[in-house]
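To start, the structure under review is shown below, and the notes come after it.
The values are calculated or read from the model by the stated rules, or taken from the named source; none is laboratory data. Please read all numbers here as calculations on a predicted model, not as lab measurements. FYI the Cβ positions are ideal-geometry reconstructions off the backbone, even for glycines, and counts take in every protein chain you see.
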Amino acid sequence: MMEACENCSLCRETCPTGCIPSDRFLIHAENCVTYFNEEETDFPHWLKPGAHNMLIGCMKCQAVCPVNKPYLDKIDDGPDFSEAETTLILKRLPVEQLSPETRMKLDRMVEDGIYPVMGRNLRMLIEKEGKAR
């Protein structure tokens, strides 16, 4: 734990699943949005759609951390995908059936093994955005 954390609770207050307890600094990773966004299993019933905020992972606790402030503008947004590429990802087309250009974009932005969850996660974000309007 950093010294800056001693009198700060922004990460705990911001966590959409409450996985950062007040009685210890170790998070309950089994409740973290990142854990579920990177696994191919179904989302648990208690994980509210509003908790989803990124294609892969969750940065809510990191984004509010005062120590991280100087680094947040250094995040790479990654490649742009065409509407056709996005449709194929949403359909969860096997990666080997994607064009070499699309696979190169994916290689640049995600770790091996993450592609299978991208379509599901992207659909969740699109549905969340649609409900917010």
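Summary table below
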quantity: Qualifying positions in region 75-103 - exposed (fewer than 12 other Cβ atoms within 10 Å of the Cβ), part of a helix (DSSP H, G or I) and among the aliphatic types (A, V, I, L, M); calculated: Ala84
quantity: Residues that are farther than 20 Å from Met118 by Cβ and of a type in the set (Phe, Trp, Tyr), drawn from region 1-60; calculated: Phe25, Trp46
quantity: Residues being closer than 28 Å to Leu10 by Cβ and within 16 Å of the chain's Cα centre (by Cα) - total across region 55-109; calculated: 16
quantity: Residue that is among the small types (Gly, Ala, Ser), assigned to a helix (DSSP H, G or I) and touching a helix residue (DSSP H, G or I) at 6+ places or on another chain (Cβ under 9 Å), where the choices are Gly119, Gly130, Gly57; calculated: Gly119
quantity: Residue among Gly119, Gly113 that alone is of a type outside the set (S, T, N, Q) and on the phi > 0 side of the Ramachandran plot; calculated: Gly113
quantity: Within region 6-50, tally of residues that are under 26 Å from Glu111 (Cβ atoms) and without any contact (Cβ under 8 Å) to a residue 24 or more places away in the chain; calculated: 12
quantity: Selection count where residues are polar (S, T, N, Q) and touching a Lys or Arg at 6+ places or on another chain (Cβ under 7 Å), scope region 64-119; calculated: 0
quantity: Subset of region 62-74 [at pLDDT 90 or above and either surrounded by 15 or more Cβ atoms within 10 Å (Cβ to Cβ) or among the hydrophobic types (A, V, I, L, M, F, W, C) (or both)]; calculated: Gln62, Ala63, Val64, Cys65, Val67
quantity: Exclusive hit being surrounded by 17 or more Cβ atoms within 10 Å (Cβ to Cβ) and part of a helix (DSSP H, G or I), set Phe36, Phe43; calculated: Phe36
quantity: Residue in region 117-128 that is basic (Lys, Arg) and modelled with pLDDT of 90 or more present; calculated: yes
quantity: Residue under evaluation Gly113, criteria (1) of a type in the set (Gly, Ala, Ser); (2) part of a loop (DSSP other than H, G, I, E, B); (3) in contact (Cβ under 8 Å) with a residue 12 or more places away in the chain, criterion not met; calculated: (3)
